[in-house]
1. Taking interchain pairs and intrachain pairs at least six residues apart, which have beta carbon atoms under 7 angstrom, with the first residue in the range 113-129 and outside any helix (DSSP H, G or I) and within 14 Å of the ligand (Cβ to nearest atom) and the second of a type in the set (S, T, N, Q) and open to solvent by less than 10 Å² (accessible area, probe 1.4 Å)?
2. Report yes if residue 336 is open to solvent by 10 Å² or more (accessible area, probe 1.4 Å), in a helix (DSSP H, G or I) and under 26 Å from residue 170 (Cβ atoms), otherwise no.
3. What are the pairs, 6+ residues apart or on separate chains, where a residue within the range 338-367 that is without any contact (Cβ under 8 Å) to a residue 12 or more places away in the chain and of a type in the set (A, V, I, L, M) has its Cβ under 6 Å from a residue that is assigned to a helix (DSSP H, G or I) and more than 14 Å from the ligand (Cβ to nearest atom)?
4. Give the residues of the range 284-298 that are surrounded by fewer than 24 Cβ atoms within 10 Å (Cβ to Cβ) and of a type in the set (Gly, Ala, Ser), sorted by residue number.
5. Out of all the residues in the range 197-215, is one or more closer than 30 Å to residue 130 by Cβ and not in a strand (DSSP E or B)?
6. For the range 58-95, how many residues meet the condition of being part of a loop (DSSP other than H, G, I, E, B) and more than 16 Å from the ligand (Cβ to nearest atom)?
7. Check residue 133 against each of (1) free of Cβ contacts under 8 Å to residues at least 40 places away in the same chain; (2) buried (at least 22 other Cβ atoms within 10 Å of the Cβ) and name the one condition it does not meet.
8. Out of 167, 143, which single residue is assigned to a strand (DSSP E or B), more than 11 Å from the ligand (Cβ to nearest atom) and crowded, with 21+ Cβ neighbours inside 10 Å?
Amino acid sequence: MEQFEIKAYPALWEGLGMEVARFEKSRQMLGEMYRKIYLSQPNRPAGMGYFDALMAEIFGGRIEEMLAVKRAGRPVVGTFCVYIPEEVVVAAGGVCVGLCGGSQGPIPDAEKVLPRNICPMVKSAYGFKAARICPYFQTVDFVYGETTCDAKKKTWELLNRLVPTHVMEIPQMKRERDKALWLAEVRDFKAKVEEVAGAAITAGELGAAIKLINDKRRALQRLARLRGKRPSPISGKDALLIEQIAFYDEPGRFSRKLNELCDELEERVQGGLGAVADSAPRVMLSGTPMALPNWKVHHLLETAGAVVVNEESCIGSRYFKDLIDEGPDRLEAQLTALTERYMQIDCSCFTPNDERVEQVLTEYRQSQAQGILHYSLQFCHTYNIEEIKIREACEREGIPYLAIESDYSPEDTGQLQTRIEAFLEQIREAAC
Ligand code: BJ8
């Protein structure tokens, strides 16, 4: 694996209208980072080979697959939030790809336009498009944004100048009238997808798509259950990578490969083989999503000797914990079932959102974690304020707890390291 590199496709990128020279540097940097953070891990399951190979092709092979879908007249839709129902795009024979920005590189580009004191994920995403350094952004037919937070909803107005950006209104409460609004928004989304596909989605197609994406979520649930075993058979970094790739890969292939990996992890569990020794502090993360390639906190935790056993986050359990009822076979009933499932997402943009506090405690127990690290991206008001309730619940339950607010820059690494080491010490003392 020393020879690992993220493969270069300059002619393809040129054709997509990208800033090729600049992107080439990002490609090399990402490859180096991947080698250092991922390939240096000892004792990795063999099944991670598929995900390494996918990373090697992330800027080429996967893009070519998406372009083939486009050439067949099917929609390729970019999204930023787990509220956008990917089943609808898949039903139209299309591809739904997560575009959330997880790296520092394009933030200065974004800050030429956007205020500095907003969420780094929003700035990173906008910067990727503004600087033309993301092949996914260059490939999509359109972007579907949402109104979950102020930073996102106002940025979409500007992003729309660079790429067609439609916005789905996400209700902020979960009353009956909010559910009706949400259903109407899902219908609009379906109409937009059908317009690009040039054909109406049938009940058979939507039913098959629901099953396909449910299977993906089931495979991720299986991985989460296996991480809950002692010792955990896979590192938190590898598991996070898989959860991130879930937003890029072709869903059927992804589920197959993840299930193969889970077969191997089951054997490891039976043989008592862990990614690290069972004495390693087990940490659960809760909070804002960590978009590819945001591996900062997992890397710090695991370098300090911990193992991350769960992510209560949208790139994590919030994406896969709920399934859609596969029973209905008529379009209207399917859309209702789909809406009901999506309304269970407990994002902090909702008020009240106390079910998330319960969910955090449930996942803490299921993952056999020994401490919770609440992670919030800088300037994310909803997660930063909701953190108070999570902290209170941890105090009540006697759970070792640390809250951090961070961005993508390496500047706070030293400070985070110190706080993380003290937190792990707290877990070790509580375990004695
Ligand atoms: S359902 S968590 S993916 S909105 S971190 S951009 S909220 S300021 S990401 Fe999210 Fe959907 Fe919710 Fe999930 Fe704004 Fe906060 Fe930034 Fe955020």
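The values are calculated or read from the model by the stated rules, or taken from the named source; none is laboratory data. Keep in mind the model is a prediction, meaning the values are calculated, not measured. Because the Cβ atoms are built from the backbone with ideal geometry, glycine has one as well, and the counts that use them run over all protein chains shown. All accessible areas refer to the heavy atoms of the entire protein, side chains included, with ligands and DNA or RNA removed. Shrake-Rupley method; radii C 1.70, N 1.55, O 1.52, S 1.80 Å.
1. 114/155
2. Against the criterion (open to solvent by 10 Å² or more (accessible area, probe 1.4 Å), in a helix (DSSP H, G or I) and under 26 Å from residue 170 (Cβ atoms)), residue 336 qualifies.
3. Correct list of pairs: empty, since none qualify.
4. The answer is 291, and nothing else.
5. Yes.
6. Looking only at that region, the number is 10.
7. Of everything listed in (1) free of Cβ contacts under 8 Å to residues at least 40 places away in the same chain; (2) buried (at least 22 other Cβ atoms within 10 Å of the Cβ), residue 133 misses just condition (1).
8. Within the list 167, 143, the selection yields 143.
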